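Peer 1: Next up is a structure, given as structure tokens.
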Amino acid sequence: MIKAIFYSKFDTQEGPKVVHQVPDGAITFSNTAASQPPFFTFSDISFFVIPRQELCGNLIQVCTNGYRILGYPICMKSPRYDRNEFIFNFCLVLAEEEDFSSYKSVVQKLADLMHGLEEQSGFLSRDHSKSGEGKVYSLCETLMEDLNNYCECMIPIDELNTLNIKLFPVYPNPPPVRAWQVPLFTVRYQAFLDENWDLTLQRIVPHINGVNSIRIISLLADTDFSLTCRAIRHLLYYGCIFLLDIFSFSAIYAPTALFSSTIAADENMQRECARYVNTLFASPMTAPTTPAAIPPGHDKDAVWPPVGESMPSRGTDSIATSTSENISPTATPSPANTSALISSTRSPTDPLAMSTNSIGNREVVDGVGIVELYASLKQGQSVKQWYLQHSRQLAHIDIRRFITFGIIKGFLYRVHKYAIATGNPAPQFKSGATTPRSHYQHSGPSSRGPGTGANSPYASSAGDDPPPIAQHQQHHHNQHHHRNHNYRSEDGKDKDRASVYSGSRSAPLYDDDDDEDFIDNKDLAKYLDGMHCFDQICTELEISERELTARLKRYQGEVLIVHR
């Protein structure tokens with residue numbers, strides 16, 4: 001906000017002088033505003049306001065007494081002036097701690113306009129009006145009022161000249177985006193989607209649903225990866241999206257220091273979270289009682305659910321769909337928007353205020369239960385292990401949304417896994433012990449396209465046991481046994497298969513040793529410095545986390561896996 005505007009010039013008799021000031025008395029003492037003390041002493045900064053000729057034509061700023069003075073002094077030489085030169089400056093006064101980047105162009109444009117007016121008609125040098133009167137004073141007064149109230153102005157000066165200025169907010173540069181990050185919209189992009197948008201933006205926007213990583217979005221939209229990253233940064237610059245981590249049941253999450261002051265103490269946030277993560281708030285016609293399964297004949301390497309198609313949702317997507325036709329049923333809206341969307345569905349007696357709630361005779365996790373679940377997350381415990389311990393309370397909770405809510409609000413953080421090559425030789429296994437290659441089971445073939453591998457939002461757990469949301473079906477076992485006739489095991493018997501649900505997609509588990517050998521030690525070594533998380537390694541090498549762990553066990557040297 002502009003505190004004051006003043007016009008000063010070099011007087012051949014008095015030296016640097018304030019001709020007009022808005023408001024009166026802000027820069028120098030004024031009889032019309034005797035009660036207004038000046039913000040600072042003008043004589044202390046007059047050297048910077050009316051500087052030497054060498055400094056004219058440059059942006060000058062000076063801070064004093066808690067204020068910042070921005071000016072762009074102009075020196076004009078002509079025989080018609082006393083001493084053959086005329087030096088003037090229009091300055092803005094701002095609070096010292098306020099961001100002034102958007103006002104730099106205002107000062108420069110105002111100086112350039114006055115320079116042109118002075119050359120045309122001597123607009124400034126012929127102005128002999130008293131302080132607080134005349135066209136120049138009116139110009140300064142209108143400029144300050146319009147910029148403070150409307151952030152723009154259009155002031156006619158004469159028949160040929162008009163002062164047009166608009167303040168544009170300057171946001172900080174967005175951080176670089178990574179292939180393994182997952183964007184999530186915080187606004188309804190359908191409300192401002194325009195056919196004149198950049199073509200890359202138009203193609204990637206339908207695939208931004210809080211599930212697909214940037215690499216997957218690039219593949220699904222069939223766009224260049226560098227252009228996709230640039231488009232994502234553009235949306236990030238204007239605050240339209242969040243960047244999240246790839247969700248996985250093998251990931252570890254823990255509360256931050258903000259936990260006690262946010263979700264643990266804020267009842268409104270607890271209600272918002274309950275509406276966002278409880279599947280029981282979905283429409284009875286669309287909310288399934290079990291996780292959605294891939295229909296027969298669907299390509300296991302394709303993204304499921306298909307982007308843009310309706311399907312039963314486990315979260316509050318159906319609520320968003322029923323309250324607004326513009327929201328995609330497969331998109332993951334932000335918690336803030338979900339809270340606003342379903343506000344009309346709340347009854348006068350909010351069921352979330354009760355300690356025990358029911359919707360259709362089904363228990364709902366309330367605020368206390370939500371806080372307890374978040375508090376039980378800790379380091380050293382994967383989401384899979386946490387789910388097994390609280391499977392009863394999580395029966396009607398969308399796990400992905402539950403974790404995402406905490407990340408967005410800032411009271412949860414992801415504990416990443418890093419691999420470090422120590423340089424020591426690989427440890428020797430005892431005689432008779434199974435080798436890592438023979439006993440380790442990993443998930444499926446390496447991904448060469450969207451929907452598979454650890455860069456997929458549906459990547460399966462990295463543990464040796466099936467993930468928590470899993471259904472062991474003998475039908476799948478027999479089907480995979482006949483389909484994968486080359487499958488080998490140490491004891492000559494087929495190992496159990498499991499259809500793993502991570503989100504809403506299933507993936508078969510089986511050994512495929514030959515598929516891992518395409519990654520040589522040289523390619524893998526550059527990631528083993530402790531600076532590359534597993535998400536990055538899996539995304540760039542296009543393998544799953546289970547495949548990466550198995551490959552690290554066969555690395556030529558000792559490799560340590562650390563969590564931080």
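Peer 1: Spot the failing condition for Thr32; the list is (1) within 21 Å of Glu118 (Cβ to Cβ); (2) open to solvent by 80 Å² or more (accessible area, probe 1.4 Å); (3) not acidic (Asp, Glu), and only one is missed.
Peer 2: Unmet condition: (1).
Peer 1: Okay, next question. Looking at the range 136-163, I want the residues that are over 11 Å from Val22 (Cβ atoms) and in the same structural domain as Glu119 (by the TED database) and have a partner that is open to solvent by less than 60 Å² (accessible area, probe 1.4 Å) and among the acidic types (Asp, Glu) with Cβ atoms under 9 Å, at least 6 apart or on another chain. Which pairs are those?
Peer 2: The qualifying pairs are Glu152/Asp146; Cys153/Asp146; Met154/Asp146; Ile155/Asp146.
Peer 1: Looking at the range 472-564, what strands (runs of 3 or more DSSP E) fall wholly within it and have at least 3 residues that are modelled with pLDDT of 50 or more?
Peer 2: It comes to 529-533, 557-563.
Peer 1: In addition: Among the residues of the range 166-177, are any open to solvent by 30 Å² or more (accessible area, probe 1.4 Å), farther than 30 Å from Arg414 by Cβ and of a type in the set (Ser, Thr, Tyr)?
Peer 2: Scanning the range 166-177, I find no residue that is open to solvent by 30 Å² or more (accessible area, probe 1.4 Å), farther than 30 Å from Arg414 by Cβ and of a type in the set (Ser, Thr, Tyr), so the answer is no.
Here's the yes/no breakdown for (1) surrounded by 14 or more Cβ atoms within 10 Å (Cβ to Cβ); (2) not assigned by the TED database to the domain that holds Phe10:
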{"position": "Ile87", "(1), (2)": "yes, no"}
{"position": "Val93", "(1), (2)": "yes, no"}
{"position": "Asp99", "(1), (2)": "no, no"}
{"position": "Ser105", "(1), (2)": "yes, no"}
{"position": "Ala111", "(1), (2)": "yes, no"}
{"position": "Leu117", "(1), (2)": "yes, no"}
{"position": "Gln120", "(1), (2)": "no, no"}
{"position": "Val187", "(1), (2)": "yes, yes"}
{"position": "Gln190", "(1), (2)": "yes, yes"}
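Peer 1: Any residue in the range 188-217 that's at positive phi: show its pairings with residues that are part of a helix (DSSP H, G or I) at Cβ separation under 9 Å, as long as the two are six or more apart or on different chains.
Peer 2: As it stands, the answer is Gly210/Arg400; Gly210/Arg401; Gly210/Thr404, since those pairs meet every condition given.
Peer 1: Please state which one of Arg52, Arg83, Arg126 is more than 29 Å from Met154 (Cα to Cα), among the basic types (Lys, Arg), surrounded by fewer than 19 Cβ atoms within 10 Å (Cβ to Cβ) and free of Cβ contacts under 8 Å to residues at least 12 places away in the same chain.
Peer 2: Arg52
Peer 1: Kindly state which strands (runs of 3 or more DSSP E) lie completely within the range 37-150 and contain at least 3 residues that are of a type in the set (A, V, I, L, M).
Peer 2: Ranges flagged: 85-95.
Peer 1: Something else now. Look at the range 525-540 and say how many of its residues are open to solvent by 20 Å² or more (accessible area, probe 1.4 Å) and over 25 Å from the mean Cα position of the chain (by Cα).
Peer 2: Looking only at that region, the number is 3.
Peer 1: If you don't mind, there's one more thing I want to ask. Going through the range 383-425 one residue at a time, which ones are under 20 Å from Val182 (Cβ atoms), in a strand (DSSP E or B) and open to solvent by less than 20 Å² (accessible area, probe 1.4 Å)?
Peer 2: Ile397, Leu412, Val415
Peer 1: I need the full set of residues from the range 165-201 which are closer than 30 Å to Met154 by Cβ, in contact with a helix residue (DSSP H, G or I) (Cβ under 9 Å, 6 or more places away or on another chain) and of a type in the set (Phe, Trp, Tyr), in order please.
Peer 2: Within the range 165-201, Phe168, Tyr171, Trp197 meet the criteria.
A quick yes/no check of all residues on (1) assigned to a strand (DSSP E or B); (2) among the β-branched types (Val, Ile, Thr); (3) farther than 21 Å from Gly380 by Cα:
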| residue | (1), (2), (3) |
| --- | --- |
| Ile246 | no, yes, no |
| Phe249 | no, no, no |
| Ala254 | yes, no, no |
| Ala265 | no, no, yes |
| Gln270 | no, no, yes |
| Arg275 | no, no, yes |
| Leu280 | no, no, yes |
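Peer 1: Do you know which residues across the range 347-394 are within 12 Å of Leu280 (Cβ to Cβ) and either of a type in the set (Ser, Thr, Tyr) or modelled with pLDDT of 90 or more (or both)?
Peer 2: Ser358
The values are calculated or read from the model by the stated rules, or taken from the named source; none is laboratory data. Here the structure is a predicted model, which means the values were calculated and not measured. As a convention, Cβ positions derive from the backbone with ideal geometry for all residues, glycine included, and neighbour counts pool all protein chains shown. For accessibility, only protein heavy atoms count, side chains too; no ligands or nucleic acids. Shrake-Rupley method; radii C 1.70, N 1.55, O 1.52, S 1.80 Å.
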